[in-house]
Amino acid sequence: MQYRYLGHSGLKISALSLGAWVTYGGQVGEDTALQCMTVAYDAGVNFFDNAEVYADGNAEVVMGNVIKKTGWKRSDLIISTKIFWGGQGPNDRGLSRKHIIEGTDASLERLQMDYVDLIFCHRPDIYTPIEETVWAMNQVINQGKAFYWGTSMWSAQQIMEAYAFARREHLMPPLMEQPQYNMFDRERVEKEYVRMYNEIGLGMTTWSPLANGILTGKYNDGLPEGTRVTLKGYEWLRDRFESDEVKRDIQKVRQMMPIVEELGCSMAQLALSWCLKNPDVSTVITGASRPEQVTENLGALDVVEKLDDDVMERLDEILDNKPEPAPDFR
């Protein structure tokens, strides 16, 4: 396993990590979660990602049960949760001080832990002042319920507003952002955030590296049964797969298959190694519904070194979406 620093912090995080989204407490049960997490842990994965909204909290219950059952040393693990969607009540959503404090306590109870290592604001809250959110996150940290806090799917402007306020008030600023990042979704990580990696030391814990499975190649010939696209509750995803945009993406995956064969890897491993190739990415969060998928994903670590300039140029030519650099008018 390779370990990278999370932004400019001293925290070392595994380059590949395992998340609970879609799977734990929903698509798979505790036994399968135990198998997947064990394979990952034995390979050196130390970061396991979760959120209060995943499977309506059941994903945290499953992960907490697994960690308790394995007896893994807590200090060897990096556990995260994300706060925003905690229920249907008028104060169960958003980033108010009330929900951040109460949502954190509820997550810790489900996880059966005294603290999480990372806590994220799952989305920006347009109704709550950023100042209130920053103060609340610092309260969580000061109470020892989390070590670092960050954001997920926030704009660069929102992150910088939170950072500036925290610095002005001598508070801990957001350390990391959790954006969607893959071959088809690059703009935010490779352009919008680029100045913040050095200026404020922002770390990246990216998600959806396989673009909802498109980058595995399993949809090249249609929508097979048993995939998340066919699951109840994911009708929105099936509708998206019928769009012209996704059809174009699948065509690009087909065009990348000769490169996959040359490198001697799977399409999923190519997609994951492409994300890992970006030095600004601290960790790539993967998902798995079977232990065999975890093993395959871990194989991406051996593919990164094969992505030389020639291969990257060929991939960029197929993808045709490399963000344009900022204009230089000098």
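Odds and ends about this structure:
- Helices (runs of 4 or more DSSP H) contained in region 156-253 and holding at least 3 residues surrounded by 18 or more Cβ atoms within 10 Å (Cβ to Cβ): 156-168
- Within region 111-146, being in a strand (DSSP E or B) and under 15 Å from PHE48 (Cα atoms) holds for VAL116, ASP117, LEU118, ILE119, PHE120, ALA146.
- Of residues in region 34-54 being surrounded by fewer than 23 Cβ atoms within 10 Å (Cβ to Cβ) and in contact with a helix residue (DSSP H, G or I) (Cβ under 8 Å, 6 or more places away or on another chain), the one nearest to THR104 (Cα to Cα): ASN46
- Only one of GLU131, GLU235, GLU169, GLU161 that is over 28 Å from ILE318 (Cα atoms), charged (D, E, K, R) and free of Cβ contacts under 8 Å to residues at least 24 places away in the same chain: GLU235
- Any hit, region 263-278, residues being at pLDDT 95 or above and surrounded by fewer than 14 Cβ atoms within 10 Å (Cβ to Cβ): yes
- Applying the set (1) in contact (Cβ under 8 Å) with a residue 60 or more places away in the chain; (2) in contact with a strand residue (DSSP E or B) (Cβ under 9 Å, 6 or more places away or on another chain); (3) within 29 Å of VAL303 (Cβ to Cβ) to VAL28 leaves exactly one unmet item: (2).
Conditions tested, residue by residue: (1) at pLDDT below 95; (2) hydroxyl-bearing (Ser, Thr, Tyr); (3) surrounded by 16 or more Cβ atoms within 10 Å (Cβ to Cβ); (4) over 18 Å from TYR41 (Cα atoms).
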{"residue": "ARG290", "(1), (2), (3), (4)": "yes, no, no, no"}
{"residue": "ASP309", "(1), (2), (3), (4)": "no, no, no, yes"}
{"residue": "ALA326", "(1), (2), (3), (4)": "yes, no, no, yes"}
{"residue": "PHE329", "(1), (2), (3), (4)": "yes, no, no, yes"}
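- Residues of region 4-27 that turn out to be of a type in the set (Ser, Thr, Tyr), more than 15 Å from LEU77 (Cα to Cα) and crowded, with 21+ Cβ neighbours inside 10 Å, as a count: 2
- Out of SER17, SER75, one residue alone is in a strand (DSSP E or B) and of a type in the set (Gly, Ala, Ser). It is SER17.
- Where LYS69 falls short, out of the listed (1) assigned to a helix (DSSP H, G or I); (2) under 20 Å from the mean Cα position of the chain (by Cα): (2)
- Screening region 258-330 for helices (runs of 4 or more DSSP H) wholly inside it with 1 or more residues that are touching a strand residue (DSSP E or B) at 6+ places or on another chain (Cβ under 7 Å) and not charged (D, E, K, R) returns the ranges 267-276, 291-298.
- A single entry from SER266, SER243 fulfils the requirement of being on the phi < 0 side of the Ramachandran plot, without any contact (Cβ under 8 Å) to a residue 12 or more places away in the chain and either touching a Gly at 6+ places or on another chain (Cβ under 9 Å) or among the small types (Gly, Ala, Ser) (or both): SER243.
- Boolean, ILE101 is free of Cβ contacts under 8 Å to residues at least 24 places away in the same chain and more than 20 Å from the chain's Cα centre (by Cα): no
- Within region 20-60, the residues that satisfy the criterion of being β-branched (Val, Ile, Thr) and part of a helix (DSSP H, G or I) are THR32, THR38, VAL39.
The values are calculated or read from the model by the stated rules, or taken from the named source; none is laboratory data. A quick note: this is a predicted structure, and the numbers were derived from the prediction, not measured. Neighbour counts are summed over all protein chains in view; Cβ atoms, including those assigned to glycine, are modelled from backbone coordinates with ideal geometry.
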